[in-house]
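Data first, discussion second: the structure below is written as structure tokens.
The values are calculated or read from the model by the stated rules, or taken from the named source; none is laboratory data. Computed from a prediction, not measured in an experiment: that's the story for all the values here. In this analysis, Cβ positions are derived from the backbone assuming ideal geometry, glycine residues included, and neighbour counts consider all displayed protein chains.
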Amino acid sequence: HATKKTMADHLRKYDSLFTLTPQRMRMVVEAFKDTLELGLQKPQQPMIPTYVFGWPTGTEIGDFLAVDLGGTNLRVCLVNLQGEGKFEITQAKYRLTEEQKQDDGQKLFDFCAECLKTFVDTNLADDNGELSLRPGETLPLGFTFSYPCSQERIDHGVLIRWTKGFGAPNTEGRDVAEMFRQSLAKYKLPIALTALINDTTGTLIASHYVNPRTKIAVIFGTGCNAAYMEKVGDIEKIKSLGIDEDAEMAINCEWGAFDSFEHEHLPRTKYDIIVDETSNKPGEQAFEKLISGRYLGEILRLVICELIDEGVLFLGQETYKLEIPYVFETAFLSLMESDPTDELLMIIGIFTHFFAVETTLAERQFFRALAKLIGRRAARLSACGIAAIVSKMGYLDEGCSVGADGSLYNKYPGFADRVHEGLQDIFGDKGKNIVTYHAEDGSGVGSAIIAAMTKLRK
Ligand code: ADP
């Protein structure tokens with residue numbers, strides 16, 4: 001009769017499943033680099049040309065509106081660019097419901113326009129509800145729409161496919177800028193949509209405006225994605241457009257899709273496979289599903305459910321509350337990792353309050369260790385993506401800054417340190433030359449700067 005396994009014994013199994021060795025990371029980096037190169041040749045995504053040409057000069061000034069449709073919130077911002085890396089921002093956030101994400105696409109954009117109208121009425125109109133505009137004058141708007149779109153110019157973009165749990169019908173395959181313009185017209189707003197951008201591109205431009213050492217931007221939110229600046233001559237797939245080969249253009253990597261379908265390069269566990277197969281888009285966004293805020297809590301929940309099924313956890317307790325997909329939020333992993341008490345009181349709180357189950361100290365230590373494994377793997381895989389861009393572009397010796405944004409980056413304790421540690425595991429000491437930092441308000445400010453850059457070019 002075998003002796004009963006302790007929680008520490010169980011942990012060893014998960015430790016080996018979720019831990020990435022430096023050697024394994026370097027293999028991922030190589031495959032990633034090939035994918036980036038190939039993407040620049042093949043039409044469609046990944047590696048989407050953004051038609052954002054070059055870095056901002058810092059002389060962009062004026063008032064710009066930005067609407068940012070993220071995975072969780074809708075943000076409306078008024079950005080006052082003051083030049084020399086300075087700006088002021090006024091913003092309002094509106095929560096999106098799950099129904100809105102699945103409801104008809106035009107309705108979703110109508111909601112965006114409605115929020116924009118409320119914002120403009122509150123923040124820009126005078127006491128009579130009028131805007132101080134000359135006849136025929138319109139306010140320029142940058143629309144941050146963070147789903148993969150194929151573009152031929154900056155103020156237009158066809159949605160390739162929804163990601164991050166969105167599924168609004170009648171939108172994929174259509175020009176979302178045009179759809180949004182129709183909604184703007186419905187509300188009779190004197191606003192001209194001048195730029196359609198991705199949050200990664202926005203963050204890239206905004207962080208370079210503030211810190212010119214920035215060469216790459218990464219978003220760690222509901223989804224995960226990156227952008228960087230590429231030489232037009234190296235973007236094979238737009239050669240026929242005859243754009244000056246020495247010009248530069250931002251590339252939206254759409255790296256969340258790395259290793260989708262072929263599933264050859266990423267170390268997926270059986271929990272990752274369940275996440276994928278039960279998602280609304282099986283096969284897609286393989287890299288993102290191992291990293292982003294939408295999925296980390298679910299991965300941990302699936303491990304817990306496995307141990308419940310095996311009779312290891314919560315024997316004799318009602319566990320139905322834990323058995324509902326996506327109830328275990330990624331924010332709980334942050335809270336568990338930052339619990340300062342020996343008794344792990346925060347973890348007691350999470351499990352009793354949200355899931356009505358009692359835990360032992362050994363179990364709580366196990367949950368915390370498990371969160372650490374899942375969070376650390378996400379950070380180290382992100383380091384692989386960053387390393388692939390750094391290596392492809394030859395940024396290692398000179399070093400560069402990486403502007404990062406999103407709740408996972410900003411709120412998960414130690415996430416940035418783990419990315420940096422990963423970069424050193426990949427590159428050795430030189431990895432220290434690559435430093436990530438929090439890019440403040442990137443998607444909104446970036447959208448404004450790009451709207452301004454677009455205006456200057458015209
Ligand atoms: P967006 O939806 O625009 O990407 P965020 O950057 O806020 O917005 O990312 C939201 C994601 O971040 C959600 O998936 C959520 O689970 C996760 N998240 C929220 N709070 C935390 C936290 N404290 N720690 C880790 N992840 C978090």
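Checked against the criteria, ALA439 does not count as in contact (Cβ under 8 Å) with a residue 12 or more places away in the chain, hydrophobic (A, V, I, L, M, F, W, C), surrounded by fewer than 24 Cβ atoms within 10 Å (Cβ to Cβ) and over 19 Å from THR19 (Cβ atoms).
When the helices (runs of 4 or more DSSP H) confined to segment 354-458 are screened for residues that are aliphatic (A, V, I, L, M), those reaching at least 2 such residues are found at 361-393, 415-427, 442-457. Restricting segment 111-170 to residues that are of a type in the set (Asp, Glu) and at pLDDT 85 or above leaves a set whose member that is farthest from ALA257 (Cα to Cα) is ASP121.
The set of residues in segment 291-331 that are part of a loop (DSSP other than H, G, I, E, B), of a type in the set (D, E, K, R) and either under 27 Å from ALA257 (Cα atoms) or within 16 Å of the ligand (Cβ to nearest atom) (or both) contains only GLU329.
In the set (1) more than 16 Å from the ligand (Cβ to nearest atom); (2) surrounded by 17 or more Cβ atoms within 10 Å (Cβ to Cβ); (3) farther than 21 Å from GLN41 by Cα, the condition left unmet by GLU288 is number (1).
Scanning segment 97-115 for residues that are within 23 Å of the chain's Cα centre (by Cα) and either exposed (fewer than 15 other Cβ atoms within 10 Å of the Cβ) or of a type in the set (Asp, Glu) (or both) gives THR97, GLU98, GLU99, ASP103. Among the residues making up segment 269-285, a single one is closer than 20 Å to ALA369 by Cβ and either within 12 Å of the ligand (Cβ to nearest atom) or among the acidic types (Asp, Glu) (or both): ASP272. Scanning segment 329-346 for residues that are farther than 18 Å from GLU298 by Cβ, touching a helix residue (DSSP H, G or I) at 6+ places or on another chain (Cβ under 8 Å) and among the aliphatic types (A, V, I, L, M) yields LEU344, MET346. Evaluating VAL67 against the criteria (1) over 22 Å from ARG174 (Cα atoms); (2) within 13 Å of the ligand (Cβ to nearest atom) leaves one unmet condition, (1).
Restricting the search to segment 22-49, which residues are in a helix (DSSP H, G or I) and under 20 Å from ILE235 (Cα atoms)? GLU30, ALA31, PHE32, LYS33, ASP34, THR35, LEU36, GLU37, LEU38, GLY39, LEU40, GLN41 - these are the residues of segment 22-49 that are in a helix (DSSP H, G or I) and under 20 Å from ILE235 (Cα atoms). Put simply, of ASP276, ASP339 the only residue that is in a helix (DSSP H, G or I) and either out of contact with any Asp or Glu (no Cβ under 7 Å at 6 or more places or on another chain) or farther than 29 Å from ALA404 by Cβ (or both) is ASP276.
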